Amino acid sequence: MHDKIDTLATDMSDIQVNTQFNDFIDFRPLIQSIIKDDKVLIGIADLALATGVSQTQLRYWLEKGYIISGGDPKKKKFSYGTVFRVAIIKHLQDEGFTLAAAVAKADHHSAIVKAFKHLVADRLTGIQETDTATFIDFGSFDPQPDKHLIAKVTDKETHFLVQ
């Protein structure tokens, strides 16, 4: 395993993490705000188009409290989190679950998505692209605070390294 990390570190030898990752930090509050607060909203027609669930069914789910809308009460607007929630509910119904069971399972999945959003918003400190990979800096590595946890993402796979 250490050989794999060493190889990945060698792959990053041409990257100057401290300076190039810091170029990205100006965008961090924006990304964190979008991820944490779900400030991007879409209308019910776009939600129906994105998920394949009819507007009538979405209004029913809204009335039942299965999904929530934001913004002006007269103009239904939905967060991207709701897009994923609706897609999960629809997928589960397509797999044979009742609406009530699909909503219960979606509640569980929503907690997982919330934890993931929290992770990204709290730990993202930088991103850098090269011709072959994207490197995502998740900040200091807790067991070794003087090192950073970096994800190397390619078209085929993702690897973590400590640098």
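Given the criterion at pLDDT below 90 and over 27 Å from residue 88 (Cα atoms), identify the matching residue among 126, 139.
Result of the check over 126, 139: 126.
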Exercise for the section: Could you tell me which numbered condition residue 35 fails, if it satisfies all but one of (1) under 17 Å from the mean Cα position of the chain (by Cα); (2) modelled with pLDDT of 95 or more; (3) not charged (D, E, K, R)? Expected result: (2)
Exercise for the section: Kindly provide the set of residues from segment 76-87 that are of a type in the set (S, T, N, Q) and either in a helix (DSSP H, G or I) or surrounded by fewer than 19 Cβ atoms within 10 Å (Cβ to Cβ) (or both), ordered by number. Expected result: 82
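So that you can scan it fast, the table gives a plain yes or no per residue for (1) in a strand (DSSP E or B); (2) closer than 25 Å to residue 57 by Cα; (3) of a type in the set (Lys, Arg); (4) in contact (Cβ under 8 Å) with a residue 24 or more places away in the chain:
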{"position": "89", "(1), (2), (3), (4)": "no, yes, no, yes"}
{"position": "96", "(1), (2), (3), (4)": "no, yes, no, no"}
{"position": "104", "(1), (2), (3), (4)": "no, yes, no, no"}
{"position": "119", "(1), (2), (3), (4)": "no, no, no, no"}
{"position": "131", "(1), (2), (3), (4)": "no, no, no, no"}
{"position": "137", "(1), (2), (3), (4)": "yes, no, no, yes"}
{"position": "161", "(1), (2), (3), (4)": "yes, no, no, yes"}
Practice task
List the number of the failed condition for residue 155; all other conditions in (1) outside the structural domain of residue 45 (by TED's automatic domain parsing); (2) in a helix (DSSP H, G or I) hold.
Solution key: (2)
Exercise for the section: Go through segment 78-100 and give me each residue that's β-branched (Val, Ile, Thr) and either within 23 Å of the chain's Cα centre (by Cα) or within 12 Å of residue 50 (Cα to Cα) (or both). Expected result: 82, 83, 86, 88, 89
Practice task
Only residues that are among the small types (Gly, Ala, Ser) and either in the same structural domain as residue 156 (by TED's automatic domain parsing) or surrounded by 13 or more Cβ atoms within 10 Å (Cβ to Cβ) (or both): list them for segment 105-137, please.
Solution key: 106, 110, 121, 126, 133
Problem - Lone unmet requirement of (1) closer than 30 Å to residue 49 by Cβ; (2) over 21 Å from the mean Cα position of the chain (by Cα) for residue 145 - result: (1)
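The values are calculated or read from the model by the stated rules, or taken from the named source; none is laboratory data. Note that the coordinates shown come from a computational prediction; the quantities given were computed from them, not determined experimentally. Counting neighbours? That spans all protein chains shown, and the Cβs are built from the backbone with ideal geometry, glycine included.
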